[in-house]
1. Out of ILE155, ILE111, report the one residue that is of a type outside the set (D, E, K, R) and assigned to a strand (DSSP E or B).
2. Among the residues that make up segment 200-213, is at least one of them within 21 Å of SER153 (Cβ to Cβ), of a type in the set (S, T, N, Q) and modelled with pLDDT of 90 or more?
3. Keeping to segment 3-12, report how many residues are surrounded by 12 or more Cβ atoms within 10 Å (Cβ to Cβ) and without any contact (Cβ under 8 Å) to a residue 24 or more places away in the chain.
4. Could you check segment 87-106 and list, in sequence order, the residues that are within 27 Å of LEU276 (Cα to Cα) and at pLDDT 85 or above?
5. Any chance you could count how many residues in segment 192-224 are in a loop (DSSP other than H, G, I, E, B) and within 29 Å of GLN256 (Cα to Cα)?
6. THR189 versus (1) outside any loop (DSSP other than H, G, I, E, B); (2) touching a residue at least 40 places away in the same chain (Cβ under 8 Å): which is the lone unmet condition?
7. Restrict the check to segment 59-70 and report whether at least one residue is crowded, with 16+ Cβ neighbours inside 10 Å, modelled with pLDDT of 85 or more, aliphatic (A, V, I, L, M) and not in a helix (DSSP H, G or I).
8. Sort out which residues of segment 131-156 are β-branched (Val, Ile, Thr) and farther than 26 Å from SER260 by Cβ, and write them in order of number.
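The values are calculated or read from the model by the stated rules, or taken from the named source; none is laboratory data. Predicted, not measured: the structure shown is a model, and the values here were computed from it. No Cβ is skipped: glycine too gets one built from the backbone with ideal geometry, and neighbour counts run over all protein chains shown.
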Amino acid sequence: MEEKLNQIENRYLELEQMMADPSVAADYQRVTKLAREQSELREVVEVYRRFKRVKDELNDAQELLETSDDADMKELAEAEIEELVAENEELTEQLRLLLVPKDPRDQKNVIVEIRAGTGGDEAGLFAADLSRMITRYAEQRRWKTQILSSSLSGIGGFKEVIFEVRGEGAYSRLKYESGVHRVQRVPDTESQGRIHTSTATVAVLPEVEDVEIDIDPNDIRMDIYRSSGPGGQSVNTTDSAVRLTYLPTGLVVQCQDEKSQLQNRLRAMTILRARLYDAEVERQQAELGAERRSQVGTGERSVKIRTYNYPQNRVTDHRIGISSYNLLGVMDGKLDAFIDELATAEQVEKLQALGSEV
């Protein structure tokens, strides 16, 4: 572990020297990138330096205990050794946790895609409820949201809605919402009072910069058409909607919510890059093998992750077996109780995997 920590500290010092170089300081983008990397290493380096100081003090105290003939000095040395051993153990555990591999996508903005599943109009209404739930959660964390594309269902729900969430650590929290969400409740249109079960799927994709994934423009076919559905002035009267088809895979992305063709094309490209990047990450994870993949927060959209039972006022997360009896609060964006537990479970599994590799 100390060899790894030495490498991290050396890299931290190297970054300091690079950022002090006038030729580097003149390049704003490079400085920003280096500063971000240094910031990610800072906590590990600070704890490691404290760990080394404690280790040196512990060696000095042990040497004093072994060499001193003064009874009082020996007693002081013994008391100091006891405190330093406890601190050393605490710092060792802290460093072990800090060395757990972090998802490099955690700090990214995200694109959230919500689609109605089984259940007809009720599934569309549930998709709208999930959209509001995640949007409210984003607002509570002071993140910004913006709808990129939407397709309304007949009674005020969504067949599909895609929106972006911009804010520090958005992916690190919202990635746990990926999967199949199930609702059990009596629909407003149900005259017999029977409980219906409906589903909606959520995909949370990290936003991708141009440099992270290379898309050949020749691999994209763009079609222009007239927007449909409700919209602002001129949205339904001009050919501003854009449909992009990625020819190698047949993946289709379309946007029509913006007023101009250019804005819709840019939005569609943002979604396309995120989907292609997500597909590549999933391919790489599959190659690692099931035994090395975390069972929590994998983002598998086919997995039923949570049930919202309205008659019992209960929300159950099936990945961690935890229920909340504050359904309305959860639907209003109070998701931290679930997300905190999911993040902890994921960290435990990563620690276990790290231990088995060591």
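1. So the residue among ILE155, ILE111 that is of a type outside the set (D, E, K, R) and assigned to a strand (DSSP E or B) is ILE111.
2. yes
3. Within segment 3-12, residues that are surrounded by 12 or more Cβ atoms within 10 Å (Cβ to Cβ) and without any contact (Cβ under 8 Å) to a residue 24 or more places away in the chain number 1.
4. The answer is ASP106, and nothing else.
5. Of the residues in that region, 7 qualify.
6. Only one criterion is unmet by THR189, namely (1).
7. Among the residues of segment 59-70, not one is crowded, with 16+ Cβ neighbours inside 10 Å, modelled with pLDDT of 85 or more, aliphatic (A, V, I, L, M) and not in a helix (DSSP H, G or I), which makes the answer no.
8. ILE134, ILE155
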